[in-house]
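Have a look at the structure below, then the notes.
Laboratory data are not the source of any read-out in this text; all were calculated from the coordinates shown. Everything numeric here is computed off the predicted structure, so don't read it as measured data. Cβ placement follows ideal geometry from the backbone for every residue including glycine, while neighbour counts extend to all protein chains displayed.
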Amino acid sequence: MIRTIIAVLLVAVILIVSLPFLGLQWLLQKKWPHFGERGSFRFMQFAFKLVSLPLGIKLDVIGKENIPAGRACLFIGNHRSYLDVVLGYPTLPFLTGFVAKNDFTKFPILPIWMRRLYCQFLVEGDLRQNLQSILAAIENVNQGVSMYIYPEGKRNTAQDERDLLEFHEGSFKIATRTKCPIIPVAVVGTRECFERQFPKARAGHVIIEYGKPIETADASREELKGIGAKCRAIIQEMVKRNHDLI
């Protein structure tokens, strides 16, 4: 329980301390719209690393060389825990926004940071709003900003993390409309470190693997058909392989 309390206190302190920076950035971005984006990205990566320190988690990252340099990508991952973002975001090599549930908008200050970092929010049952969020994500990729989405649609609470939920094919429109590469991401071990004994957190071993890119630029309509199921199979295989290493 002490691990959780320390992590929560760190989150509160970081968000409060960041307020002056957010205010200054807001003023400067009126003249320079993209001012401070890289700095904001690195700050949030540092913040997540700091928050994860008291959790005592051993993190192994595999396959970062598979992420193409200088190209916006769509990261597709399985989703088991809030720690997927806390541990995964610092491993990303360049500015990336998340497509996330609007639950995060209930927290103070955090939604401001998320919007500054190109995150888009999904509202359960609101098809029009969700379409707008996906269209905004597509525009982000067209502007050179990578996006990250969990196509299962929610955190998977299955007892066995190798049992993935079905992937929503609509999530992949971000890639098929922009012709950007898809990077499959498999995360193993996060639920066992937190949600399994919530609200306690325990030390553990987490593996994040970035798979080889799936190119969409030259893919035919037939090749893109069922791309969600194909990507799910790739991630599931990575999850199964890494599950045996923990």
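Step through the table entries K30/K179; K179/K212; K58/K200; K212/K240; K200/K230, compare each Cα-Cα distance with 24 Å, and write down the pairs that go over it.
K30/K179; K200/K230
Please report, ordered by residue number, every helix of the chain (full DSSP H runs) that is 18 Å or longer along its axis going by C-alpha atoms and whose mean Kyte-Doolittle hydropathy reaches 0.0.
2-17, 37-52, 127-142
Rank these for me by crowding, M147, M114, going from fewest to most other beta carbons within 10 Å.
Starting with the residue having the fewest Cβ neighbours, the order is M114, M147.
Order by neighbour count: W113, W32, W26, fewest other Cβ atoms within 10 Å first, most last.
In increasing order of surrounding Cβ atoms, one gets W32, W26, W113.
For the residue pair V13 and K173, what label-to-label distance in nm results when each label sits 7 Å from Cα along the Cα-to-beta-carbon direction?
Result: 4.4 nm between the two label points.
Once you charge only the Cβ atoms, +1 for Lys and Arg and -1 for Asp and Glu, what is the size of the charge dipole of the chain about its Cα centre, to the nearest 20 debye?
Taking the Cα centre of the chain as origin, the dipole is about 660 debye.
Listing S133, S220 from the residue with the fewest other Cβ atoms within 10 Å to the one with the most, what is the order?
Exposure proxy ranking, most exposed first: S220, S133.
Which of the peptides 40-47, 5-12 is most tightly packed, and how do the rest follow, judged by the mean count of other Cβ atoms within 10 Å per residue?
Ranking the peptides 40-47, 5-12 by packing returns 40-47, 5-12.
Summing Lys, Arg as +1 and Asp, Glu as -1, what charge do residues with Cβ under 13 Å from the Cβ of E223 carry, E223 excluded?
Within the 13 Å Cβ shell, the charges total +1.
Hey, if you put +1 on the Cβ of every Lys and Arg and -1 on every Asp and Glu Cβ in the chain, which of F41, G88, I138 ends up farthest toward the positive end of that dipole?
Farthest towards the positive pole: F41.
Test of the criteria: in the range 139-246, which GluC sites (Glu not before Pro) are in a DSSP loop and have at most 12 other Cβ atoms within 10 angstrom of their Cβ?
E166
Can you give the calculated 222 nm mean residue ellipticity of the chain, where each DSSP H run of n ≥ 4 adds -39,500 (n - 2.57) and the sum is split over every residue, rounded to the nearest 500 deg cm²/dmol?
-12000 deg cm²/dmol
Is the chain rounded, prolate or oblate when judged by the Cα gyration tensor, a ≥ b ≥ c being the square roots of its eigenvalues, rounded requiring a/c under 1.5 and prolate requiring a/b larger than b/c?
Oblate, since a/c reaches 1.5 and b/c is not below a/b.
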